[in-house]
Structures are given as C-alpha cells and as structure tokens.
C-alpha cells in the first residue's frame, strides 16, 4: 500500500481524517499474552530487542490483534548509547543500569562510528516488519524511533532510571561545555540511528523526550529544543518526505515553543495536557497525537467512554492521531482496549 493511502501518514502530512488513525504508546509490550510468551522465549529484554525475528514479532502483534494504523519498532531508547559501547544491562524489577559517563575520559570511550554495525539487528527488525506489512497489503505505517538527546543523556550520566535525574541536571548547569559535548555526540548519533531506520523501511519517525519537563525554560530551550531542531533539519535533508513526531513529555507551556521551533509534523501530547489548549498552540497543519490517560484505559467502563469521547470531541476537525498520553499499563485488559477502539472507530 502506498504512503499516500496510509491514514497515519496522511494525517502527518496535514490532512484531517475522521475517524482518526490510532496506535498505542509502548504498544507491543506488557499487556498482550502473546508478547509475554515471546518475551519469555527471548530470555531477557536485551535479547528480545536484538533478535530481529522476535523483535519483529512483538512489533506486529498489536497490528494483528487491533488493526492499528501505526506499528512502532519494538526497541528501547537506550540502544543508542549501547550501540556506541556504553555498558548496559536491564536489571529485572530495577530498570536499566549503565556505567555512568561524567567526564572526558568517559566520553572518549564512546564509539559513535560503531553504531551502525552494533545496531544492525535493530535495523534488520525494521526491514522485517516493513516487509511483513507490505506483503499483507496493510494500511499500517511503520514508525521508527529514538530517545531525544537530553532524555538519553539523563540515563547515560546518572547511570540508571530515576524520578528527577538531579545529577544530570546539576551537571548541565555546572559544566555546560562537557554536557554540550555529550549532547552533540548524541545528536549526531541519533540522526545516524534514525536515518538507518529509514533506509531499512521506517515510514515515520518519533523522538521521545520523556524527561524534558524536568528542565527550567532556559535549559529546556538549550538542551531539548535546539538538539531536536538540529535532528529534524538533518533528517529533512537526508530523508526528505519522512515525517517526524516529537514527544516533549511534561513540557507544559513550552510545548508551543517546541512545536514552533523544531519543525515537527506531529506533536504528541502527554496525559497532563489539555488538548484544546494544545490545538491553539500549534500550526493548523501540524498533527496532534495523544493523549488518553493509560490509567483510565486500565479502569475501563464509563470513565473510559467519557474520556475517549471528550478527547475525540476536542480534536474533531483537525489533523489528529488517537493515542495514549504515555505507555500502556501491563495489567490493561484487552477488553478495555477493544472498548476504546470501538469508540474511536465510531468517531
């Protein structure tokens, strides 16, 4: 199926389609029994991500079950530092653990030139998924993704997940020259990583800046907007026609500045954002995506119906992709997803 007939790509080109296309954040993970079976087969999360046959399978599972208009590559935002040689392990029940990089010696150990070869299994996954979608004549668009430089830097510097990444944020104030070098390395690596996904078959790209809301306005503009705009410019030149979606989670009022200065064709709203306000902040041709609360999807019933209908009403008449405002909860009943999709498809 050609790009011009795929609803998600049409919306990212500025077209209003109703009922809107849909997919779900973190769609392949956690709530599907077939995902759990494949995850168990892989033995570990990193093995799942780097085994193309299995990663392609979990990418396609929600497409088969729900008929989603988008299939997002099953991977992780920390694959870029991993592919550059930063040691990474996924501790069960504890999240990611990395060997922290906090000085010039740590930066020197990174090998950006090795990124493509080390991440080759991920690009093979992209190719496998695209081939499967094409063979099926699917209207589903394949979305590649990466973490944005600031969010990835949080993990690289702190060495683990956290609630506030205080060490990283202090470092950005204390030594902006060093932090700027890290952000530049990540910006260039992210361009290379996303471009390789496009070459393998990705039809749209998404940048996740999950921790952007931790920053002050001046730091947000410096470490979120500027690198994101640079990535967008580079990819617009290297891969013209491939649309991008930005997700500056918890950006608040800075969402408008991000939308205007990054040039993203799509802007993903987090759970906390008022969609009517967001619609007033972006250009008419910029698509909005989001932002149903994953917890109301977990609850289901009348609350889910009310929230879904409210979001649809707020977005009617403009380019919009129905999605969640953050990742789906692993305990979410399939019946609740079916309830939501029935409402979305009914418009």
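Being closer than 18 Å to residue 145 by Cα and touching a helix residue (DSSP H, G or I) at 6+ places or on another chain (Cβ under 8 Å) is the filter here; which residues of the range 271-289 pass it?
Answer for the range 271-289, where residues must be closer than 18 Å to residue 145 by Cα and touching a helix residue (DSSP H, G or I) at 6+ places or on another chain (Cβ under 8 Å): 287, 288.
Taking residue 115 and the conditions (1) under 30 Å from residue 290 (Cα atoms); (2) buried (at least 22 other Cβ atoms within 10 Å of the Cβ), which numbered condition does it fall short on, given that it satisfies the others?
The one condition residue 115 does not meet is (1).
I'd like to know if the range 166-184 contains one or more residues that are in contact (Cβ under 8 Å) with a residue 24 or more places away in the chain, under 30 Å from residue 56 (Cβ atoms) and touching a helix residue (DSSP H, G or I) at 6+ places or on another chain (Cβ under 9 Å).
No, every residue in the range 166-184 fails to be in contact (Cβ under 8 Å) with a residue 24 or more places away in the chain, under 30 Å from residue 56 (Cβ atoms) and touching a helix residue (DSSP H, G or I) at 6+ places or on another chain (Cβ under 9 Å).
Filter the range 307-340 down to the residues that are touching a strand residue (DSSP E or B) at 6+ places or on another chain (Cβ under 8 Å), within 17 Å of residue 11 (Cβ to Cβ) and not in a loop (DSSP other than H, G, I, E, B) and list them by number.
311, 312, 315, 320, 321, 322, 323, 324
Condition (residue is buried (at least 16 other Cβ atoms within 10 Å of the Cβ), at pLDDT below 95 and in a strand (DSSP E or B)) applied to the range 101-111: is it met by at least one residue?
Checked against the condition, which is being buried (at least 16 other Cβ atoms within 10 Å of the Cβ), at pLDDT below 95 and in a strand (DSSP E or B), the range 101-111 yields no hits at all.
Give the residue that is modelled with the lowest pLDDT, with candidates limited to residues of the range 1-37 that are surrounded by fewer than 19 Cβ atoms within 10 Å (Cβ to Cβ) and under 21 Å from residue 57 (Cα atoms).
Residue satisfying both the conditions and the ranking: 1.
Say we look at the range 76-93 and pick out the residues that are in contact (Cβ under 8 Å) with a residue 60 or more places away in the chain and not in a helix (DSSP H, G or I); which of these is nearest to the chain's Cα centre (by Cα)?
Going through the qualifying residues, I end up with 77.
Restricted to the range 160-193, and to residues that are outside any helix (DSSP H, G or I) and under 21 Å from the mean Cα position of the chain (by Cα), which residue is surrounded by the fewest Cβ atoms within 10 Å (Cβ to Cβ)?
163
Could you please let me know if residue 115 is out of contact with any helix residue (DSSP H, G or I) (no Cβ under 6 Å at 6 or more places or on another chain), in contact (Cβ under 8 Å) with a residue 24 or more places away in the chain and not in a strand (DSSP E or B)?
Taking the combined requirement at face value, the residue does not satisfy it.
Farther than 22 Å from residue 312 by Cα and modelled with pLDDT under 95: is that true of residue 92 in this structure?
yes
Among the residues of the range 258-294, count how many are crowded, with 16+ Cβ neighbours inside 10 Å and either touching a residue at least 60 places away in the same chain (Cβ under 8 Å) or closer than 25 Å to residue 335 by Cβ (or both).
Residues meeting the conditions: 12.
For residue 157, only one of the following conditions fails: (1) assigned to a helix (DSSP H, G or I); (2) touching a helix residue (DSSP H, G or I) at 6+ places or on another chain (Cβ under 8 Å); (3) farther than 21 Å from residue 79 by Cβ. What is its number?
(3)
Residues of the range 46-75 being part of a loop (DSSP other than H, G, I, E, B), closer than 21 Å to residue 97 by Cα and touching a strand residue (DSSP E or B) at 6+ places or on another chain (Cβ under 8 Å), which ones?
75
The values are calculated or read from the model by the stated rules, or taken from the named source; none is laboratory data. Values in this document were obtained by computation on a predicted structure and should not be read as measured data. Reconstructed Cβ throughout: ideal geometry from the backbone, glycine too, with neighbour counts over all protein chains shown.
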